[in-house]
Amino acid sequence: MKAGEALKIMREVMMLQHKSRNTIKTYLHWAAKFVAFLHDAPAGRSREENVIAFLTRLAVNEHVSASTQKQALCAVVYLYKRAIKKDLGDISEFTRATKYQYIPAVFSREEVGRVLDHLDGIGALWGEIMYGCGLRLGEVCGLRVKDIDLDRRQITVRQAKGNKDRTVPLPDRLVDPIAKHLRRLQPVYENYARRRVPVAMPDRLDRKYPNAPFEWGWFWVFPANEPVKKRTDRFVDPRWIGKLWHVHDTAVQKRIGRAIRAAGITKKAGCHTFRHSFATHWLESAGSAQEVAIIRLQRLLGHSSPKTTMIYLHCIKQQSDVPSPLDTLRRAA
């Protein structure tokens, strides 16, 4: 099987399995990099040896992180099992990248306020939802009208990371801004519905419910400026052409990034920093009950394991009754 054909099959299988766009993009990136690596590989080397050599080079020569190396491993295994239909033997002998304790960057409450002060309109709504509800970037972009319940003050996040649904509380301060946004969005929806422009639907629900793509409940809270068009510079799934998708995540990232720089914040921060800040500040508000609150926070964030949520205990501002020796040092005037 030729490399191009294998990558095409891999893409199609991932789409059939409803992998997220980011997962498809990332897996294809590493699979293509592995295919390029094979062009220079010595002849006669087994599949297992090639995979081990590729993963070892990532750690030794390219100095990738442990998570990046694992990501590449998953992509290569997926390529062989799902596209090429060949099982790999023992590939456990590769040099593993060094793991380290990662502590995410977190805004202070004052920094959150400064960033939000440099956002207006829909940009401010993006930032407030990320910080106020702890949503990921893709979860904000993918919100539909039916997912927001203003009366019950909650948002339902559909098919999030790991293909899981969850509900999160909606802050009272967001009720009026979201209600106003939805009122402004109504004429936009009516225009598309009148022109019979469908919104993209999950799990091919448009086949089961033909009218659903034109209903208000399924309309995007943050729609793109126009339906998907055929492109010549990059691949576009033919099933997407002519349908309306949500705002592209890069548009949100750029706007949030400009606000962070304008606020004078030098931390390595972005959209996801709002989510980290939500979790950290939420735990700080829990006070002495932080260990118990971890379980509730795990559900709010949609983590599969509490170990993932525990990282935010390291982000909390440490309080100590014992002063630093520097603060008690007596020096000559």
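If you go through the stretch 206-254 and keep only what is in contact with a Pro (Cβ under 8 Å, 6 or more places away or on another chain), closer than 22 Å to Arg184 by Cβ and part of a helix (DSSP H, G or I), you end up with Pro213, Phe214. Within the stretch 295-317, the set of residues being assigned to a helix (DSSP H, G or I), under 21 Å from the mean Cα position of the chain (by Cα) and farther than 22 Å from Arg158 by Cβ comprises Pro306, Lys307, Met310, Ile311, Tyr312. Ala224 satisfies every condition listed in (1) of a type in the set (Gly, Ala, Ser); (2) within 18 Å of Gly138 (Cβ to Cβ); (3) modelled with pLDDT of 90 or more; (4) touching a helix residue (DSSP H, G or I) at 6+ places or on another chain (Cβ under 8 Å) except (4). Look through the stretch 33-46, keep the residues that are modelled with pLDDT of 90 or more and either of a type in the set (Lys, Arg) or touching a Lys or Arg at 6+ places or on another chain (Cβ under 8 Å) (or both), and return whichever of them is nearest to Gly4 (Cα to Cα). Going through the qualifying residues, I end up with Lys33. Looking only at the stretch 154-171, decide whether some residue is modelled with pLDDT of 95 or more and farther than 21 Å from Leu137 by Cβ. There is no residue in the stretch 154-171 that is modelled with pLDDT of 95 or more and farther than 21 Å from Leu137 by Cβ. With respect to the conditions (1) in a loop (DSSP other than H, G, I, E, B); (2) touching a His at 6+ places or on another chain (Cβ under 9 Å), Met130 lacks only one, and its number is (1).
Reported count of residues in the stretch 173-230, each being more than 24 Å from Ala251 (Cα to Cα) and among the polar types (S, T, N, Q), is 1. Looking only at the stretch 255-270, residues that are assigned to a loop (DSSP other than H, G, I, E, B) and in contact (Cβ under 8 Å) with a residue 60 or more places away in the chain come to 6 in all.
When Val106 is tested against the conditions (1) assigned to a helix (DSSP H, G or I); (2) in the same structural domain as Trp240 (by TED's automatic domain parsing); (3) not charged (D, E, K, R), the lone failure is (1). Here Thr156 fulfils each of the conditions (1) farther than 30 Å from Met14 by Cβ; (2) touching a strand residue (DSSP E or B) at 6+ places or on another chain (Cβ under 9 Å); (3) free of Cβ contacts under 8 Å to residues at least 40 places away in the same chain; (4) β-branched (Val, Ile, Thr) apart from (1). On inspection, Leu185 qualifies as within 30 Å of Val112 (Cα to Cα), in the same structural domain as Phe278 (by TED's automatic domain parsing) and not in a loop (DSSP other than H, G, I, E, B).
The residue of the stretch 165-215 that is surrounded by the most Cβ atoms within 10 Å (Cβ to Cβ), among those that are without any contact (Cβ under 8 Å) to a residue 24 or more places away in the chain and of a type in the set (Phe, Trp, Tyr), is Phe214.
The values are calculated or read from the model by the stated rules, or taken from the named source; none is laboratory data. Just so it is clear, the model here is predicted, and its values are computed rather than measured. Note: ideal-geometry Cβ built from the backbone for every residue, glycine included; neighbour counts use all protein chains shown.
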